[in-house]
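Novice: Take a look at the following structure, please.
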Amino acid sequence: MDLTPISTDPTPTVEDLKSELQRLEHKYETLVWYARKPPTSDAEYWEPIPQYIREGAFKALMKAEEDYPDDIAELRYCDDNWQHGFNSGMLAALRFMLTAQYPCLMDADCSDDGQPHWYGGIQDAHDEFPMLDT
């Protein structure tokens with residue numbers, strides 16, 4: 001995964017800013033997800049998991065290691081769990097900013113009353129904060 005910033009212009013466009021925030025959200029979501037998974041050698045945990053899910057998880061773990069090797073190393077060798085806390089805080093803050101700044105029209109499938117509705121803005125961001133689902 002290319003981690004080069006989208007633009008070197010000191011005044012990014014609104015779309016560049018949104019793309020950069022989304023890229024960082026993906027990074028920190030991946031790191032939080034990774035930290036929550038037991039090692040692949042933990043047979044007791046992984047044995048009851050269906051094979052297709054286990055294989056998908058193992059591939060995703062390897063991709064995270066390839067995409068973010070320095071961040072993964074920091075997670076593995078951090079004795080006090082500080083790095084995982086930092087990554088979790090970043091994920092929560094980025095999701096708050098994206099939700100507050102970029103409302104979106106949700107499908108009727110995502111609604112209790114079967115009608116499309118807007119999601120986002122400051123109130124929804126506060127209501128969801130800190131959202132750390134991965």
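Novice: If I ask for residues that are assigned to a helix (DSSP H, G or I) and polar (S, T, N, Q), which ones from the range 85-116 would you list? Give the steps one after another, and end with the answer.
Specialist: Applying the first criterion (assigned to a helix (DSSP H, G or I)) to the range 85-116 yields 85-101, 108-110.
Of everything in the range 85-116, those that are assigned to a helix (DSSP H, G or I) and polar (S, T, N, Q) turn out to be N87, S88, T99, Q101.
Novice: Identify, please: which residue in the range 87-119 is of a type in the set (G, A, S) and more than 21 Å from the chain's Cα centre (by Cα) and is, among those, surrounded by the most Cβ atoms within 10 Å (Cβ to Cβ)?
Specialist: Filtering the range 87-119 for residues that are of a type in the set (G, A, S) and more than 21 Å from the chain's Cα centre (by Cα), the one surrounded by the most Cβ atoms within 10 Å (Cβ to Cβ) comes out as S111.
Novice: Report yes if S41 is surrounded by 12 or more Cβ atoms within 10 Å (Cβ to Cβ), of a type outside the set (D, E, K, R) and at pLDDT below 95, otherwise no.
Specialist: Numbers: surrounded by 12 or more Cβ atoms within 10 Å (Cβ to Cβ): no; of a type outside the set (D, E, K, R): yes; at pLDDT below 95: yes.
No.
Novice: Would you check if there is a residue in the range 34-47 being in contact with a Lys or Arg (Cβ under 8 Å, 6 or more places away or on another chain), under 30 Å from L17 (Cβ atoms) and either among the small types (G, A, S) or in a loop (DSSP other than H, G, I, E, B) (or both)?
Specialist: There is no residue in the range 34-47 that is in contact with a Lys or Arg (Cβ under 8 Å, 6 or more places away or on another chain), under 30 Å from L17 (Cβ atoms) and either among the small types (G, A, S) or in a loop (DSSP other than H, G, I, E, B) (or both).
Novice: So, in the range 9-22, how many residues would count as being out of contact with any helix residue (DSSP H, G or I) (no Cβ under 9 Å at 6 or more places or on another chain), surrounded by 13 or more Cβ atoms within 10 Å (Cβ to Cβ) and charged (D, E, K, R)?
Specialist: Here the count works out to 2.
Novice: Within the group E29, E65, E25, which residue is within 18 Å of the chain's Cα centre (by Cα), modelled with pLDDT of 95 or more, more than 27 Å from G120 (Cα to Cα) and surrounded by 13 or more Cβ atoms within 10 Å (Cβ to Cβ)?
Specialist: E65
The values are calculated or read from the model by the stated rules, or taken from the named source; none is laboratory data. Every value quoted in this text rests on a predicted model; they were computed, and no experiment measured them. Glycine also receives a Cβ, built like all others from the backbone with ideal geometry; neighbour counts cover every protein chain displayed.
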